[in-house]
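S.K.: Sending over a structure as structure tokens; questions will come in a sec.
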Amino acid sequence: MGWRVSTHSEKSTTTDLFEGPTPRHSLLSGRYKQSFAYLTLRTRMPGIMQQIIMRLLSDVPDLVNKYGEEVRKDVKQIVDAIERLKMELNRDRQFLLFHGAEPDKVEWNAFITEMPRPKKSFFRACWLHAECYLYRRIFSFFENSRHLHKYDCFDHLKKEDLMLSEVAMGALARATRGLPKSFEVFSKLLRIDLWGTHFELQIGNFNFAEEDSKNDIDVLVKVADIDRILLVDDSTLIWNCLMKASKTSGNRIVDFICDNGGFEFFTDMLLLEYMVDNNLATQVRLHVKAIPWYISDVTRADIDWTIDFLTGHQDETLSAVGKKWAHLMKFEKIVIAPTSHFWTGPQPYFVMVESDIELYRLLTTSKLAIFKGDLNYRKLLGDYIWDSAEEFITCLRGFRPTNICALRTVKCEVVCGLPEGMADTLLRNDHNWMISGNYGVIQYTDSLKCSCALPGQDNDEKDNRMLGLVVPHSQRSTLVPNHQ
């Protein structure tokens, strides 16, 4: 196989792991045994690697039929490499350089070389660096094989997630046809997209009243909101940004930095379709991962498969949705942005202007960039434990290519922009609130070049009404969960 290691991986020279949680004003790291980072590196990642091995071995008969007996050599070498990586992780070895055909190896090797030696091993490094490195190493084994360089070891999970969500997809598809242009509808689609991961389970457990319709957006947003708590809701600011932009001439592009495939991508597209249909954007650019990433992250191939699956679906509404999305992509109302390996790199986003200036410049041409999901949020904030009440704009550390929105379900200890004292209240009531997936944020900040986020500051109330702006009563939600 084409890959080789640079040297044997050296064991970490330090043994100091701490028993407590990650302290404030620190990077997330597996050094802290009571952190989600430690749990992930110690237990979850070895389990994921074992599942990849089992999936690959189960595919051998199909792979032999496709590539011939020679593919067995690829499979053995990949399995052996993953087993070695598991051992390196378990023993907290130092990161190795890449020496194969990886298109981003120069950037990765420069990053690894510049890491301080005490923080160059799995449990001492920043969690973001260690986790990204693991996923990048895993795909490099496939990438440097003879036959399996395009093999996605996670594609079956993304496909199954969509296929098992047909009830939810059908209900949402019917409920979102022909919706009027209004802030109320837009905010509901934002919430459905935010909570999309749990929607299929929730619609199955929801006790619909006789007067409730499964095809009513007002009912379905109640389904999405069950037992979910929105800690920050800047939906009005996002709407106002888009409405102000819609009054200007020229292209009004929205960049959408994707998270997961499967059903979650379906809810992403419902939101983006609405934005294009209602002239909130003249074009939406989808930023996807260049390689299989974090199990469920969406790739270009996943998007193609999703649209083909919907187009050929026996449900007439789902089929019509698939055909419409294919039409929107054909006529470039929704496009897939040029591939960038920055999204699968280890760097936080505030260094983008230095490490990928072309991508940064591309983002500056849009009116709004929506960053979806937990990993994007961690990269926006640098995987750093800020004070929870610190302002979102401060935590971006100068990353402001355009107006920025974060649409994120909280799944780790990184969070900001909460009202003073809220995090302490949450911790007293729910010790696992940061990793439960039951809490979320819709956060927004405007770029330096624009006052889109400040409705009413340079317009009186009449001007705001003429522009279709919404003046928020409050930018913060209360700590009251939505129960049926």
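The values are calculated or read from the model by the stated rules, or taken from the named source; none is laboratory data. Keep in mind it's a predicted model, so treat the numbers as computed, not measured. Cβ atoms come from the backbone with ideal geometry, glycine included; neighbour counts cover every protein chain shown. Ligands, DNA and RNA are excluded from the accessible area calculation, which covers all protein heavy atoms including side chains. Shrake-Rupley method; radii C 1.70, N 1.55, O 1.52, S 1.80 Å.
S.K.: Loop only by DSSP, 15 or fewer other Cβ within 10 Å of the Cβ. Give me the GluC sites (Glu not before Pro) in region 361-451 that pass, ordered by residue number.
M.R.: Here the GluC sites (Glu not before Pro) that fit, given the DSSP loop and packing criteria, are 390, 391, 420.
S.K.: In region 199-255, with Lys and Arg counted as +1 and Asp and Glu as -1 at Cβ, which of these residues, 226, 207, 236, has the Cα nearest the positive end of the dipole, that is, farthest along it?
M.R.: Most positive-ward Cα: 236.
S.K.: Separate question: Return the subset of 105/411; 181/244; 158/222; 247/367 for which the Cα-Cα distance in this structure is over 19 Å, preserving the input order.
M.R.: Working: 105/411 29 Å; 181/244 14 Å; 158/222 26 Å; 247/367 12 Å.
In this structure, 105/411; 158/222 exceed 19 Å between Cα atoms.
S.K.: Still on this structure: Whole-Hz Karplus ³J(HN,Hα) for region 289-306, in order, using 6.51 cos²θ - 1.76 cosθ + 1.60 and θ = phi - 60°, x for Gly and Pro?
M.R.: Along region 289-306, the couplings run 7, 6, 9, x, 8, 6, 6, 10, 5, 7, 10, 4, 4, 5, 5, 4, 5, 4 Hz.
S.K.: Among residues other than residue 193 whose Cβ falls under 12 Å from its Cβ, what is the net charge (Lys/Arg +1, Asp/Glu -1)?
M.R.: Once positives and negatives cancel, what remains is 0.
S.K.: Follow-up. Quote the convex hull volume per residue of the chain, based on C-alpha atoms, as a whole number of Å³.
M.R.: On the way: hull volume 73.7 nm³, N = 484.
Considering the Cα atoms of the chain, their hull volume per residue is 152 Å³.
S.K.: Determine the share of the chain's accessible area contributed by carbon and sulfur atoms, expressed in whole percent, with a 1.4 angstrom probe. Walk me through the numbers on the way to the answer.
M.R.: Values: 10610 of 20720 Å².
Solvent-exposed carbon and sulfur of the chain make up 51 percent of the total.
S.K.: Next question, about the same structure. Taking the highest mean first, how do the peptides 107-114, 169-176 order by number of other beta carbon atoms within 10 angstrom per residue? Display every interim value, and only then the final one.
M.R.: On the way: 107-114: 15.5, 169-176: 22.1.
Highest mean packing first, the order is 169-176, 107-114.
S.K.: Here is a follow-up. List the aspartates and glutamates whose Cα lies under 17 Å from the Cα of residue 119, skipping any in the same chain that are fewer than 8 positions away.
M.R.: 10, 16, 88, 92, 131, 383
S.K.: Okay, next question. Expressed as a fraction of 2.2 N^0.38 Å, the rule-of-thumb size for a compact globular protein of N residues, what is the C-alpha radius of gyration of region 160-275? Walk me through the numbers on the way to the answer.
M.R.: On the way: Rg = 14.7 Å, N = 116, 2.2 N^0.38 = 13.4 Å.
Dividing the Cα radius of gyration by 2.2 N^0.38 Å gives 1.10.
S.K.: Starting from the Cα gyration tensor of region 38-181, take the square roots of the eigenvalues, sort them a ≥ b ≥ c, and report rounded, prolate or oblate (rounded when a/c is under 1.5, otherwise prolate if a/b is larger than b/c, else oblate). List each step's numbers first, then the result.
M.R.: Details: a/c = 2.07, a/b = 1.34, b/c = 1.55.
Verdict is oblate for region 38-181.
S.K.: Over region 284-395, give the accessible area per residue in Å² for a 1.4 Å probe, as an integer. Please report the intermediate quantities before stating the final value.
M.R.: On the way: 4260 Å² over 112 residues.
On a per-residue basis, 38 Å².
S.K.: Something else: Projected onto the charge dipole of the chain (+1 at Lys/Arg Cβ, -1 at Asp/Glu Cβ, origin at the Cα centre), which of 194, 100, 28 gives the Cα projection farthest towards the positive end?
M.R.: 100
S.K.: Counting other Cβ atoms within 10 Å of each Cβ, which chymotrypsin sites (Phe, Trp or Tyr not before Pro) in region 166-236 have at most 15 and sit in a DSSP loop?
M.R.: Values: sites: 183, 186, 195, 199, 206, 208; in loops: 195, 206, 208.
The qualifying sites are 208.
S.K.: Could you tell me which GluC sites (Glu not before Pro) in region 176-235 are loop residues by DSSP with no more than 10 other beta carbons within 10 angstrom of their beta carbon? Present the calculation step by step, with values, prior to reporting the outcome.
M.R.: Details: sites: 184, 200, 210, 211; in loops: 210, 211.
Loop-located and lightly packed - 210, 211.
S.K.: Using Cα pairs closer than 8 Å and at least 6 residues apart in sequence, work out the relative contact order for the chain, in percent.
M.R.: On the way: 788 pairs, mean separation 84.2, N = 484.
Reported relative contact order: 17 percent.
S.K.: May I ask for the Rg/Rh ratio of region 157-445, computed from Cα atoms with Rh as the Kirkwood radius, given to two decimals? Intermediate values should be presented prior to the final figure.
M.R.: On the way: Rg = 18.2 Å, Rh = 19.4 Å.
My calculation puts Rg/Rh at 0.94.
S.K.: Calculate, for region 26-151, the solvent-accessible area per residue in square angstrom, rolling a 1.4 angstrom probe over the heavy atoms of the protein chains. Mind showing how you got there, number by number?
M.R.: Working: 5530 Å² over 126 residues.
That works out to 44 Å² per residue.
S.K.: Using the basic label-point model (7 angstrom from Cα toward the beta carbon), what is the residue 227 to residue 69 distance in nanometres?
M.R.: 5.4
S.K.: Using unit Cβ charges (K, R positive; D, E negative) and no other charged atoms, how large, in debye to the nearest 20, is the dipole of the chain about its Cα centre?
M.R.: On the way: 59 positive and 65 negative charges, 257 e Å.
Charge dipole of the chain: 1240 debye, to the nearest 20.
S.K.: For region 270-329, report the convex hull volume of the alpha-carbon atoms normalised per residue, in Å³, without decimals.
M.R.: Each residue corresponds to 94 Å³ of Cα convex hull volume.
S.K.: Give me a comma-separated list of calculated 3J(HN,Hα) values for region 313-326, in order, Karplus coefficients 6.51, -1.76, 1.60 applied at θ = phi - 60°, integers in Hz, x for any Gly or Pro.
M.R.: In residue order, the calculated couplings are 6, 6, 6, 4, 5, 5, 4, 5, 4, x, 5, 5, 5, 4 Hz.
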